[in-house]
Amino acid sequence: MKKKILGLIMASTMLLVITNGANAGTIPEQLKDVNLELGNGLSLDENIATKQVIDFANQSKNEIAKLKKEKKTFNLKNKEENVLYSYTLVDDEYIYSFETSEDSDVQNVKVFKNNYTEKKENDSIQTVAAANLPDGYGGRLKINSNGTSFTSSVYTPSSLQTDGKGTPYIYAGFSGKYETDLGLQYNSNRGANQNEVAWAPYMRVSNGDTGKLDPSYNGVQFKNGFAPGVNVSTIIYANNNGKIRLKQQGYAICADMNCNNTTDTYMVSIVDSNNTYNLGSTNINSWKVLGVLAGSETGKVKYTTEINDIKIDNQVVQSSQFNTPDEEKATVTRTGNNVKIQVNGY
């Protein structure tokens, strides 16, 4: 039986770009207990605040300590199996990564430059199905509810055809004071040799400016991601200590973000919004579930996904709460609180 490894990945946004490691230079006393690696061209205090790295390392240790106490809730069959913990925090400039394991005292901290730049210009072309991800098509089903939490089981397609133009997404989210997209992003260059398919956690929060998503962005969780053909348990909190949170659990293609270990991995991914919003039901008008191609109106993609057992505020969503689906090169069907989205741009 393959070893199961449990990972925790937290981020303030999901905009990751990988750079090669470089010498960290002089290491402060507070970081002597970790292996510190900085991306090319980066050095402490010259362009990265030492205090910020120290604070991140301490925050990582605290979050992982909490997760270790909660490990029994993840239903691992063998409690003696090794557990990998990976905590990632991203701001507008840098990516901070912390990794350690249950049976090792080694703690690795990596800091890389975040080279992703989100365009803030409005785009005149916005499809009905992907109004918050311009330039694309797909299926969307709105839900009439102002609840503050959403749960479902999302099936990642076992097969997907694409011509490489645009990026497929499967996600949910709420609309209201802010528009949110929280779910999974398709990537075809994951794994140890960067030639495997995986679905990476994805979060986007908009205050009305739809912006324009760069379809070439592919850095979330470095080389790792959720495997095709698996169910990913999904929980969205509109207000988790003031922040928007996306929590996902399912099997990943690797046991670490660099895919040094390609063992089948049960991953727990937690993504927190960078900002504090303190949202309540009065700030939410509706929820939505989508399967789309974003970043290209001419790109070709074909896949089927299922978003099942949809609940809001822990209550089964009733048939009367679902709107008529929006479909563009897609078919949306619903049975009870289970939704199937078939996207076909061929």
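Screening residue 270 against (1) among the β-branched types (Val, Ile, Thr); (2) closer than 24 Å to residue 155 by Cβ; (3) touching a Phe, Trp or Tyr at 6+ places or on another chain (Cβ under 7 Å) leaves a single unmet condition, (3). Restricting the first member to region 246-271 and to residues that are on the phi > 0 side of the Ramachandran plot, and the second to residues that are charged (D, E, K, R) and buried (at least 22 other Cβ atoms within 10 Å of the Cβ), the beta-carbon pairs closer than 9 Å and six or more apart or on different chains are 259/190; 259/223.
Taking first residues from region 30-56 that are assigned by TED's automatic domain parsing to the domain that holds residue 95 and partners that are exposed (fewer than 14 other Cβ atoms within 10 Å of the Cβ) and polar (S, T, N, Q), the Cβ contacts under 8 Å between residues at least 6 apart in sequence or on separate chains come to 38/23; 39/20; 40/20; 41/47; 44/26. Would you be able to say whether some residue in region 19-28 is at pLDDT 55 or above and of a type in the set (Gly, Ala, Ser)? No, region 19-28 has no match at all.
When the residues of region 310-320 are filtered to those that are surrounded by fewer than 17 Cβ atoms within 10 Å (Cβ to Cβ) and within 16 Å of residue 149 (Cα to Cα), the one that is farthest from the chain's Cα centre (by Cα) is 318. Among the residues in region 49-61, are any more than 29 Å from residue 184 (Cβ to Cβ), at pLDDT 80 or above, β-branched (Val, Ile, Thr) and out of contact with any strand residue (DSSP E or B) (no Cβ under 7 Å at 6 or more places or on another chain)? Scanning region 49-61, I find at least one residue that is more than 29 Å from residue 184 (Cβ to Cβ), at pLDDT 80 or above, β-branched (Val, Ile, Thr) and out of contact with any strand residue (DSSP E or B) (no Cβ under 7 Å at 6 or more places or on another chain), so the answer is yes. Here residue 271 clears all of (1) outside the structural domain of residue 321 (by TED's automatic domain parsing); (2) at pLDDT 85 or above; (3) within 18 Å of the chain's Cα centre (by Cα) except the condition numbered (2). Checked against (1) farther than 20 Å from residue 290 by Cβ; (2) part of a strand (DSSP E or B); (3) modelled with pLDDT under 85, residue 205 passes all but condition (1). The set of residues from region 141-168 being in a strand (DSSP E or B) and modelled with pLDDT under 95 comprises just one member, 167.
The values are calculated or read from the model by the stated rules, or taken from the named source; none is laboratory data. If you're wondering where the values come from, they're calculated on a predicted model, not measured in any experiment. Every residue, glycine as well, gets a Cβ built from its backbone with ideal geometry; the counts of neighbours run over all protein chains shown.
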